[in-house]
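To start, the structure itself, in structure tokens.
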Amino acid sequence: MIKIYGNAKTRAFRPLWALEEAGLEYESVPIDFYKGEHQSEAFLAKNPGGKVPVLVDGDFVLYESAAMVTYIGEKGKDRSLVPEAGSPARYLYDQWLFFVMSELEQALWTMSKHKFALPKEWRVPAIFATANYEFSRACKSLEAAMGNKEFMVGNDFTFADLMVAHTLKWAKLIGLDLGSAHLDAYLELHWKRSPRKRTSVKFLSSENS
């Protein structure tokens with residue numbers, strides 16, 4: 001059985017949501033940062049970086065959320081969630097996962113690091129304006145590439161949509177404006193999916209659902 005280490009208020013929400021979409025059995029293993037569990041010897045043996053999420057499936061370990069959702073999609077019952085390897089659709093899918101990690105979310109993670117993740121002496125409050133600017137540019141690129149489409153790849157939901165929607169929701173939760181009625185509508189469309197709602201009910205408090 002697949003195990004996901006991490007808390008749903010982190011990127012661990014992505015593989016947890018993916019597992020609900022894929023219809024796979026899994027176990028969620030919370031990690032208490034306040035107790036330093038992410039720095040325990042047992043956890044560091046899974047991810048030397050001490051970060052979540054971590055996916056464990058038998059002896060196999062992954063610790064990047066974009067890789068996890070692809071792994072889950074390929075093991076799941078619904079073969080449409082991740083395009084077939086080697087197909088043009090798969091390369092577009094990969095493109096959007098890379099875009100999320102390198103462009104769309106990096107500004108959000110910069111804000112988070114300088115708000116709470118870094119030691120206080122390394123935090124630079126002035127970076128927030130730059131990060132906000134970078135996020136706005138990424139949203140404009142995303143909107144231009146999407147046009148009027150409701151899906152990132154083809155005409156159906158894939159885990160590229162999961163990754164984009166989760167990252168846009170992250171931005172909204174920290175008070176950022178997506179600057180686009182289409183992106184707002186895209187987020188609303190995918191955030192109301194039943195598997196996403198189940199994930200929130202299972203792992204998040206009602207005010208974050």
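The values are calculated or read from the model by the stated rules, or taken from the named source; none is laboratory data. Predicted model only: the values in this text are computed from it and were never measured. FYI the Cβ positions are ideal-geometry reconstructions off the backbone, even for glycines, and counts take in every protein chain you see.
Numbers for the structure displayed
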read-out: Test for residue 85: is it without any contact (Cβ under 8 Å) to a residue 40 or more places away in the chain, part of a loop (DSSP other than H, G, I, E, B) and either in the same structural domain as residue 177 (by TED's automatic domain parsing) or among the hydrophobic types (A, V, I, L, M, F, W, C) (or both); value: yes
read-out: Selection from the range 175-196 of residues that are under 15 Å from the mean Cα position of the chain (by Cα) and either over 21 Å from residue 79 (Cβ atoms) or hydroxyl-bearing (Ser, Thr, Tyr) (or both); value: 187, 191
read-out: Among residues of the range 99-127, those that are exposed (fewer than 12 other Cβ atoms within 10 Å of the Cβ) and either touching a helix residue (DSSP H, G or I) at 6+ places or on another chain (Cβ under 9 Å) or among the aliphatic types (A, V, I, L, M) (or both), counted; value: 4
read-out: Members of the range 122-166 that are within 30 Å of residue 77 (Cα to Cα) and among the acidic types (Asp, Glu); value: 150, 156, 161
read-out: Residue count for the range 142-158, restricted to those that are in contact (Cβ under 8 Å) with a residue 40 or more places away in the chain and farther than 11 Å from residue 186 by Cβ; value: 5
read-out: Residue 78 of a type in the set (D, E, K, R), under 21 Å from residue 166 (Cα atoms) and in contact with a helix residue (DSSP H, G or I) (Cβ under 8 Å, 6 or more places away or on another chain); value: yes
read-out: Selection status of residue 150, within 19 Å of the chain's Cα centre (by Cα) and either in a loop (DSSP other than H, G, I, E, B) or at pLDDT below 95 (or both); value: yes
read-out: Residue satisfying condition, being under 18 Å from residue 16 (Cβ atoms), assigned to a helix (DSSP H, G or I) and either without any contact (Cβ under 8 Å) to a residue 24 or more places away in the chain or acidic (Asp, Glu) (or both), within set 172, 197; value: 197
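Let's see how each residue does on (1) more than 27 Å from residue 70 (Cβ to Cβ); (2) polar (S, T, N, Q); (3) surrounded by fewer than 14 Cβ atoms within 10 Å (Cβ to Cβ):
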residue: 134; (1), (2), (3): no, no, no
residue: 153; (1), (2), (3): no, no, no
residue: 156; (1), (2), (3): no, no, yes
residue: 167; (1), (2), (3): no, yes, no
residue: 170; (1), (2), (3): no, no, no
residue: 174; (1), (2), (3): no, no, yes
residue: 180; (1), (2), (3): no, yes, no
residue: 187; (1), (2), (3): no, no, no
